[in-house]
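Colleague: Got a structure for you, questions after.
The values are calculated or read from the model by the stated rules, or taken from the named source; none is laboratory data. Please read all numbers here as calculations on a predicted model, not as lab measurements. FYI the Cβ positions are ideal-geometry reconstructions off the backbone, even for glycines, and counts take in every protein chain you see. Heads up: the accessible areas ignore ligands, DNA and RNA and are worked out on the full protein's heavy atoms, side chains in. Shrake-Rupley method; radii C 1.70, N 1.55, O 1.52, S 1.80 Å.
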Amino acid sequence: MSSGAARGRGDTLIRGATLINEGRRSEQDVLIRGERIEQIGGSPRARGSVTEIEAGGRWLLPGLIDDQVHFREPGHMHKGDISSESAAAVAGGVTSFMDMPNVSPATVTRERLAAKYAAAKGRARGNYAFYLGATESNLEEIQALKGSEACGVKVFMGPSTGDLLVENPEALERIFANCRVLIATHCEDRTRIEENMVRAKGSYGANIPAAAHADIRDAECCYRSSSLAVTLARKHGAKLHVLHLTTAKELELFDPQEDLGGPATVTAEVCVHHLWFDEGDYERLGHRIKCNPSIKSGADRDALRQALRDGLISVIATDHAPHTAEEKSGDYLSAPAGLPLVQHSLLMLLDLAGAGHITLERVVEAACHAPARLYGVADRGFLREGCFADCVLVDPQGRQQVDSGSLLYKCGWSPLEGHRFSARIDTTFVNGEVAWKDGKLSGAPAGRALVCNSRGDS
């Protein structure tokens, strides 16, 4: 618990912060010793050298755990890599991330999975975990997977970036029946997409507008696939997490009473852009907000916000997926799906909270606590004595403008450029070390491999 102190690092004492944690707000002092939180409240006494932070008026939150990012390494590193995108993450208060397998070569073997962990060591500024990708022929790899080797298994049940797609009914049955860790799914129905694409080409020819994306990848496309995933999970007692929910219709598939730590649960995630944008934004932003599944109607967005308030949706993430500005500038058929978000996800959520769409306490529950419980992440996601000191100090009176000069993404752009947030990320701690402070990266990369136990096995 004090290995950081053993290396000679002094204590950090944060005085008078307003802690937002486990449904409560409380003004307390917090002592960080080494990598962990030593004491909360009382009269903490530092040992030896101490760095004191007077935090009066600022909020202290657990660092966000983003369970869905695409950092593009290996194979697509002109778009982003573990170093660049994890730097953007800590600048935004995201202290842990879980990276997807649709890279090149795809992460579909345990050997490639181990290589990704090796590539992140010493380079990731946040804590990291990686998914194993499912194919229609790698069941042996899935069965051999231990919880300590991956955060989960990603199943693309619909086509998206990359060539990972599992839609053969027998292959899906085998995966859901035999996977011993959490299954995370991308749910869209390929047949429905292809039918809608034929109609779009008939209407628009080669000049399909960006806004048609909401119709091509529509609510029915999502529901067909997500309902199949839920049926398979309940049939086989699998632990299923449906990623990036986008429609009001799909909400009927979920139960707010699910035990996130249990071995056989069905849960849902929503991404910040589906809470923020709606189909009216395509006219202004075009393919910059093209993503899979698509941004849909204002009614869908409002239903997602309500479901998040009610606890029907458990987790908030980003699906951070950078592409170059040149790639995004193509026509509908060539512009890739995905947008960069991880540097501003917390600020987006704080703005939504400020507008009354969600409470700050619910933001912390869904972006910090729930991912930790769902994936069995040890000693993270909470402000508790003994937990790793992954936390973020937020100035609620600050202002933070999004402009190209402040972006840390390798792709160099954001759909949020020009927006002025009503709060500011002051300081981000990762494993007790300052990773971001006053608008600048700090220190060497301090990220560690996450210890996950998504099935809740003893």
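Colleague: On the given criteria, is Gly80 part of a loop (DSSP other than H, G, I, E, B), more than 22 Å from Leu145 (Cα to Cα) and open to solvent by less than 10 Å² (accessible area, probe 1.4 Å)?
Modeller: Numbers: part of a loop (DSSP other than H, G, I, E, B): yes; more than 22 Å from Leu145 (Cα to Cα): yes; open to solvent by less than 10 Å² (accessible area, probe 1.4 Å): yes.
So Gly80 fits the description; yes.
Colleague: Also, I was wondering about something else. Could you tell me which numbered condition Cys151 fails, if it satisfies all but one of (1) of a type in the set (A, V, I, L, M, F, W, C); (2) farther than 30 Å from Ala449 by Cβ; (3) surrounded by 17 or more Cβ atoms within 10 Å (Cβ to Cβ)?
Modeller: The single condition Cys151 does not satisfy is (2).
Colleague: I'd like the full set of residues that are more than 17 Å from Ala337 (Cα to Cα) and not polar (S, T, N, Q), limited to region 277-300.
Modeller: First, pick out the residues of region 277-300 that are more than 17 Å from Ala337 (Cα to Cα): 280, 297-300.
Passing the criteria: Gly280, Gly298, Ala299, Asp300.
Colleague: Taking the options Ile316, Ile295, name whichever one is assigned to a loop (DSSP other than H, G, I, E, B), touching a residue at least 24 places away in the same chain (Cβ under 8 Å), touching an Asp or Glu at 6+ places or on another chain (Cβ under 8 Å) and not polar (S, T, N, Q).
Modeller: Working: Ile316 fails: assigned to a loop (DSSP other than H, G, I, E, B).
Of the residues listed, the single one that is assigned to a loop (DSSP other than H, G, I, E, B), touching a residue at least 24 places away in the same chain (Cβ under 8 Å), touching an Asp or Glu at 6+ places or on another chain (Cβ under 8 Å) and not polar (S, T, N, Q) is Ile295.
Colleague: Of the numbered conditions (1) in a strand (DSSP E or B); (2) over 30 Å from Ala91 (Cβ atoms), Ala129 fails exactly one; give the number of that condition.
Modeller: All conditions are met except number (2).
Colleague: Separate question: Could you please give the count of residues in region 412-441 that are surrounded by fewer than 17 Cβ atoms within 10 Å (Cβ to Cβ) and in a loop (DSSP other than H, G, I, E, B)?
Modeller: 7
Colleague: Another question about this same structure. When you check Leu341 against the structure, is it in a loop (DSSP other than H, G, I, E, B) and surrounded by 23 or more Cβ atoms within 10 Å (Cβ to Cβ), yes or no? Before the answer, list the steps.
Modeller: On the way: in a loop (DSSP other than H, G, I, E, B): yes; surrounded by 23 or more Cβ atoms within 10 Å (Cβ to Cβ): yes.
Yes.
Colleague: If Val363 satisfies all but one of (1) open to solvent by 10 Å² or more (accessible area, probe 1.4 Å); (2) touching a helix residue (DSSP H, G or I) at 6+ places or on another chain (Cβ under 6 Å); (3) closer than 30 Å to Ser148 by Cβ, what's the number of the condition it fails?
Modeller: Status for Val363: all satisfied but (1).
Colleague: Quick check on region 191-226: of everything there that is of a type in the set (D, E, K, R) and within 25 Å of the chain's Cα centre (by Cα), which residue is nearest to Glu167 (Cα to Cα)?
Modeller: Let us first name the residues in region 191-226 that are of a type in the set (D, E, K, R), namely 192, 194-195, 199, 201, 215, 217-218, 220, 224.
Still in the running and within 25 Å of the chain's Cα centre (by Cα): 217-218, 220, 224.
Values: Arg217: 17, Asp218: 18, Glu220: 17, Arg224: 12 Å.
My answer is Arg224.
Colleague: Based on what the data block shows, is His369 touching a residue at least 12 places away in the same chain (Cβ under 8 Å), over 16 Å from the mean Cα position of the chain (by Cα) and closer than 27 Å to Ala129 by Cβ?
Modeller: Working: touching a residue at least 12 places away in the same chain (Cβ under 8 Å): yes; over 16 Å from the mean Cα position of the chain (by Cα): no; closer than 27 Å to Ala129 by Cβ: yes.
Spelling it out, it is not the case that His369 is touching a residue at least 12 places away in the same chain (Cβ under 8 Å), over 16 Å from the mean Cα position of the chain (by Cα) and closer than 27 Å to Ala129 by Cβ.
Colleague: Oh, and also: Do you know which residues across region 67-110 are of a type in the set (Ser, Thr, Tyr) and touching a residue at least 40 places away in the same chain (Cβ under 8 Å)?
Modeller: In the first step, residues of region 67-110 are kept if they are of a type in the set (Ser, Thr, Tyr); the result is 83-84, 86, 95-96, 104, 107, 109.
Correct list: Ser83, Ser84, Ser86, Thr95, Ser96, Ser104.
Colleague: If you don't mind, another one. Can you pull out the residues in region 376-408 that are under 23 Å from Asp81 (Cβ atoms), open to solvent by less than 10 Å² (accessible area, probe 1.4 Å) and not β-branched (Val, Ile, Thr)?
Modeller: Within region 376-408, just Asp390 meets the criteria.
Colleague: So for region 373-387 (the condition being within 18 Å of the chain's Cα centre (by Cα) and not in a loop (DSSP other than H, G, I, E, B)), does at least one residue qualify?
Modeller: Yes, the conditions are met somewhere in region 373-387.
Colleague: Identify all residues within region 11-35 that are open to solvent by less than 40 Å² (accessible area, probe 1.4 Å) and in contact (Cβ under 8 Å) with a residue 60 or more places away in the chain; write none if there are none.
Modeller: Matches in region 11-35: Thr12, Ile14, Ala17, Leu19, Ile20, Asn21, Val30, Ile32, Arg33, Gly34, Glu35.
Colleague: In addition: Scan Leu285, Leu251, Leu228 and give me the residue that is in contact (Cβ under 8 Å) with a residue 24 or more places away in the chain, touching a Pro at 6+ places or on another chain (Cβ under 7 Å) and open to solvent by 20 Å² or more (accessible area, probe 1.4 Å).
Modeller: On the way: Leu251 fails: touching a Pro at 6+ places or on another chain (Cβ under 7 Å); Leu228 fails: touching a Pro at 6+ places or on another chain (Cβ under 7 Å).
None of the others qualify; the one that does is Leu285.
Colleague: Taking the condition of being open to solvent by 60 Å² or more (accessible area, probe 1.4 Å) and of a type in the set (S, T, N, Q), how many residues in region 110-139 meet it?
Modeller: Qualifying residue count, region 110-139: 1.
Colleague: For region 215-225, give me each residue that is open to solvent by 10 Å² or more (accessible area, probe 1.4 Å) and aliphatic (A, V, I, L, M). It would help to see each step written out before you state the result.
Modeller: So in region 215-225, the residues open to solvent by 10 Å² or more (accessible area, probe 1.4 Å) come out as 215, 217-220, 223-224.
Matches in region 215-225: Ala219 only.
Colleague: Among (1) assigned to a loop (DSSP other than H, G, I, E, B); (2) surrounded by fewer than 22 Cβ atoms within 10 Å (Cβ to Cβ); (3) in contact (Cβ under 8 Å) with a residue 40 or more places away in the chain; (4) under 27 Å from the mean Cα position of the chain (by Cα), which single condition is Gly56 missing?
Modeller: With respect to (1) assigned to a loop (DSSP other than H, G, I, E, B); (2) surrounded by fewer than 22 Cβ atoms within 10 Å (Cβ to Cβ); (3) in contact (Cβ under 8 Å) with a residue 40 or more places away in the chain; (4) under 27 Å from the mean Cα position of the chain (by Cα), Gly56 is out only on (4).
Colleague: Among the residues of region 416-425, is any over 25 Å from His274 (Cβ atoms) and not hydrophobic (A, V, I, L, M, F, W, C)? Step through it out loud before you land on a result.
Modeller: Applying the first criterion (over 25 Å from His274 (Cβ atoms)) to region 416-425 yields none.
Checking region 416-425: not a single residue is over 25 Å from His274 (Cβ atoms) and not hydrophobic (A, V, I, L, M, F, W, C).
Colleague: Would you confirm, using the coordinates I've provided, whether Asp278 is acidic (Asp, Glu), more than 30 Å from Gly92 (Cα to Cα) and free of Cβ contacts under 8 Å to residues at least 60 places away in the same chain?
Modeller: On the way: acidic (Asp, Glu): yes; more than 30 Å from Gly92 (Cα to Cα): no; free of Cβ contacts under 8 Å to residues at least 60 places away in the same chain: yes.
Here the answer is no, as Asp278 does not meet what is asked.
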